[in-house]
Amino acid sequence: MESSETVVVATARIGQRGRLILPAQAQRATGITQGTQVAVRTGPNGSITIEPLWAVTNRLRAEYTELLDGHLPTGPALLFAGGRHVDPDDLTDLGPALHQMPDRDPGTGRRVYRDDRGPVLTSRAVLAWLTAARSTLIVDALPYGVLPEAAVADLVTTLARAGAHERADALLTELGVLGVKMPGPARNCATLAQDTALALGLIRTADQAGCALTMPDALCAAAASRLEAGLVAADLLTPAVP
């Protein structure tokens with residue numbers, strides 16, 4: 001949904017339990033209707049900002065696409081499962097183990113994930129989302145996605161290389177607003193050791209095939225395997241440099 005450029009100034013009264021009814025002219029100007037998801041932020045001097053999530057997306061894309069020019073993936077984000085690239089619209093042969101796979105919503109045509117349990121995302125999948133067209137895999141997957149600690153660190157590193165490390169906290173906060181889950185450091189040492197061992201094995205396998213696989217992406221793939229989830233990644237395997 002897109003809004004008009006009309007600026008509306010109106011007043012409203014807070015009702016019981018903090019309920020707020022937006023004036024009709026404000027709804028028309030912003031495109032906010034019943035069921036629209038919004039971000040609510042408090043600011044200095046008691047101010048409150050209400051922003052539709054589609055507006056958050058547009059703002060992030062406008063801000064970071066130019067800022068990260070030269071650091072964005074060269075290819076689109078793809079879905080991987082069972083160690084191979086799969087078509088998200090043809091998952092019939094994956095078997096019952098991978099339960100965190102998308103379905104098509106017959107009403108909207110968008111891919112949705114059962115029980116809000118989405119795929120593991122690599123940092124470059126998030127970067128690919130900044131320039132992805134609507135209804136593409138990463139656009140549908142981002143609100144359900146899980147961004148492991150390795151991917152968070154890789155994303156912050158990319159921002160630092162672009163000279164924008166001071167914006168890392170703001171970007172991660174906005175991704176959380178959009179639905180991305182960031183579980184943080186692994187508390188179970190055995191889980192961390194398991195993921196690391198699998199990641200190292202994946203890197204060796206990729207190297208034997210003449211491809212380069214980064215440690216952050218390999219750790220994301222290991223987490224996806226442990227969670228029996230899909231992996232959404234961009235530029236996952238690149239030709240190894242002699």
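The values are calculated or read from the model by the stated rules, or taken from the named source; none is laboratory data. Since this is a predicted model, take the numbers as computed values, not measurements. When we count neighbours, we look across all protein chains shown, and the Cβ atoms used for this are built from the backbone with ideal geometry, even at glycine. We work out accessible area using only protein heavy atoms, side chains counted, and drop any ligands, DNA or RNA first. Shrake-Rupley method; radii C 1.70, N 1.55, O 1.52, S 1.80 Å.
Any residue in the stretch 57-76 that's free of Cβ contacts under 8 Å to residues at least 60 places away in the same chain: show its pairings with residues that are open to solvent by 50 Å² or more (accessible area, probe 1.4 Å) and basic (Lys, Arg) at Cβ separation under 9 Å, as long as the two are six or more apart or on different chains. Taking only residues 6 or more apart or on different chains, the pairs are Glu63/Arg167; Leu72/Arg124.
Please pick out the residue among Leu192, Leu175 that is out of contact with any helix residue (DSSP H, G or I) (no Cβ under 6 Å at 6 or more places or on another chain), over 17 Å from Asp235 (Cα atoms), open to solvent by less than 30 Å² (accessible area, probe 1.4 Å) and outside any loop (DSSP other than H, G, I, E, B).
Details: Leu192 fails: open to solvent by less than 30 Å² (accessible area, probe 1.4 Å).
The unique qualifying residue is Leu175.
Whenever a residue of the stretch 146-162 is charged (D, E, K, R), its partners that are open to solvent by less than 20 Å² (accessible area, probe 1.4 Å), lying with C-beta atoms within less than 8 angstrom and at least six residues away or across chains, give the pairs Asp154/Thr122; Asp154/Ser123; Asp154/Asp217. Going by the conditions given, is Arg161 over 19 Å from the mean Cα position of the chain (by Cα), at pLDDT 90 or above and either open to solvent by less than 20 Å² (accessible area, probe 1.4 Å) or closer than 18 Å to Arg124 by Cα (or both)? In short, yes.
Being open to solvent by 40 Å² or more (accessible area, probe 1.4 Å) and assigned to a strand (DSSP E or B) is a condition met by at least one residue of the stretch 226-241.
If the condition is being open to solvent by 50 Å² or more (accessible area, probe 1.4 Å) and within 25 Å of Ala55 (Cα to Cα), then the stretch 178-189 contributes Lys181, Met182.
A search for C-beta distances below 7 Å between a residue of the stretch 31-52 that is free of Cβ contacts under 8 Å to residues at least 12 places away in the same chain and any residue that is of a type in the set (Ser, Thr, Tyr) and in a strand (DSSP E or B), counting only pairs 6+ apart in sequence or on different chains, returns Arg41/Thr49; Gly43/Thr49; Ile48/Thr42. Against the conditions (1) on the phi < 0 side of the Ramachandran plot; (2) open to solvent by less than 70 Å² (accessible area, probe 1.4 Å), where does Gly18 fall short? Just the number, please. Result: Gly18 passes all but (1).
Would you be able to say whether some residue in the stretch 168-177 is closer than 15 Å to Leu227 by Cβ and under 11 Å from the mean Cα position of the chain (by Cα)?
Within the stretch 168-177, none of the residues are closer than 15 Å to Leu227 by Cβ and under 11 Å from the mean Cα position of the chain (by Cα).
Somewhere in the stretch 2-9, is a residue outside any loop (DSSP other than H, G, I, E, B) and modelled with pLDDT under 90? No, every residue in the stretch 2-9 fails to be outside any loop (DSSP other than H, G, I, E, B) and modelled with pLDDT under 90. Taking (1) modelled with pLDDT of 85 or more; (2) under 30 Å from Glu228 (Cα atoms); (3) in contact with a helix residue (DSSP H, G or I) (Cβ under 7 Å, 6 or more places away or on another chain) in turn, Pro52 satisfies each apart from (2).
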